[in-house]
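Chemist: Take a look at this one; I'll ask things after.
What follows draws every value from the coordinates through simple rules; no lab data is involved. Owing to the predicted nature of the structure, the values given are computational and were not obtained by experimental measurement. Please note: Cβ atoms are built from the backbone with ideal geometry, for glycine as well, and neighbour counts cover all protein chains shown.
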Amino acid sequence: MTRCKSDESIDRRTIKDFDFPLGVYPVESMTPLEGFSSQYEPADGDEGIDEVEAWPDRYVFDIVISATRLEALWVQIFAMMPGRVYPILDYIGHDCYREIDPYIAYEPLGQERMTSLLQRYHDYFFEDGMVGFGAVSEEPFFYAFVDEHKILTLRVEPGMRPKIEQLLASFELESVQEPAGADAAAHEHRSVLITPNESPELLNADEIVEIARERWGLVLNVDPETNLDDDGLELGITPFRCLLRYESDQSPTHKYAEVICTANCLIQAEALALEAVDGLVEQAKGELGSSDLFLLSADRVDLKEIGASNGEIKMPKPSPGKHLHRSEVFSARWLVAESDSK
């Protein structure tokens, strides 16, 4: 299985023996502070919350630790969780109306399935400033998440509090009013991976997310029947750029397709994209066998960006109210003839 690697030319920012992640660093003067804060949170109310999603009484811990010590702490925390967990992944992706793509698994899987990927793609998960990861369990309730700032948040049932505090003490982490990591000041996020253009044998962030989605059973945790921005504003019909993976029983490698369309929600964009790629497959009848199609992404994009990257595509002009009025496909193409399965 192909790995990834951080760019060795990126210098780590260190202040007073505190190592910031390679992908997140302050851009103004600050004093980092290792430690943790904790507070009690009551159980979620019953109204409007699915029984599976309701969380019990819990203590929440926000933990700041030097980046070079984070993985060791995560390993100890993860070992406290049950053997089967629900993985979580946040990815600062390419959708121009949503800052973070939140993924979650709806079926539990064994811890080793998470651990193997975290180890193999260590530089991405523990150093890159564009991704966060974690897991949650139901019995007992236990939530652990490393966000894109590489700050660890725990939510645990009250009975687990002494064990958590004992573990944090073993890492010489003390309770402080406001632990300070990269997000305590003006800061920058960046991806730190060497790109495949420089080293073709290495994976980029999109490819790692693709693998994690498949191995961990992740689903994009947004309402697929609406089209809202991060502020809850209804966007109506917007352009989408959809990427799909085609798997054939006649080839050991994958083919990838791009579909540009307009749609009023994720479900509609997915349906249009799948139909369009089915058309591409039909055109290649005799060369391609029966297949499975996997939607990798359906990102809302800006009309100007589409025009710049796909000059041959004539996109519709929005009305004076800046809204599009029709859902349709404007382009469907294979990105590559053959793509090595990494």
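Chemist: What percent does the relative contact order of region 116-211 come to when contacts are Cα pairs within less than 8 Å and at least six residues apart?
Modeler: Over region 116-211, the number comes to 24 percent.
Chemist: Counting other beta carbons within 10 Å of each Cβ, put SER297, SER199 in order, fewest first.
Modeler: Ordered from fewest to most neighbouring Cβ atoms within 10 Å, SER297, SER199 come out as SER199, SER297.
Chemist: In the calculated pair distance distribution of the chain, what percentage of Cα-Cα distances lie above 39 Å?
Modeler: Considering the chain, 21 percent of its Cα-Cα pairs are separated by more than 39 Å.
Chemist: Listing TYR124, TYR86, TYR106 from the residue with the fewest other Cβ atoms within 10 Å to the one with the most, what is the order?
Modeler: The fewest-first ordering by Cβ neighbours comes to TYR106, TYR86, TYR124.
Chemist: Report the semi-axes of the equivalent ellipsoid for region 2-92 in whole Å, largest first, where each axis is √(5λ) for an eigenvalue λ of the Cα gyration tensor.
Modeler: Result for region 2-92: semi-axes of 32, 19, 14 Å.
Chemist: Please give the FRET efficiency for LEU335 paired with ASP7, using the beta carbon to beta carbon distance and R0 = 25 Å, rounded to the nearest 0.05.
Modeler: 0.50
Chemist: Which of ILE260, ILE65 has the fewest other C-beta atoms within 10 Å, and how do the rest follow up to the most?
Modeler: Fewest to most other Cβ atoms nearby, the residues stand as ILE260, ILE65.
Chemist: What is the gain in length, in nm to one decimal, between VAL222 and THR68 on full extension, counting 0.36 nm per residue of separation less the C-alpha to C-alpha distance?
Modeler: Answer, rounded to one decimal: 52.1 nm.
Chemist: Show me the GluC sites (Glu not before Pro) within region 115-224 that DSSP assigns to loop and that have at most 14 other Cβ atoms within 10 Å of their Cβ.
Modeler: GLU138, GLU172, GLU174, GLU198, GLU201
Chemist: Placing +1 at every Lys and Arg Cβ and -1 at every Asp and Glu Cβ, with all other atoms neutral, what dipole size does the chain have around its Cα centre, in debye to the nearest 20?
Modeler: That gives the chain a dipole magnitude of about 760 debye.
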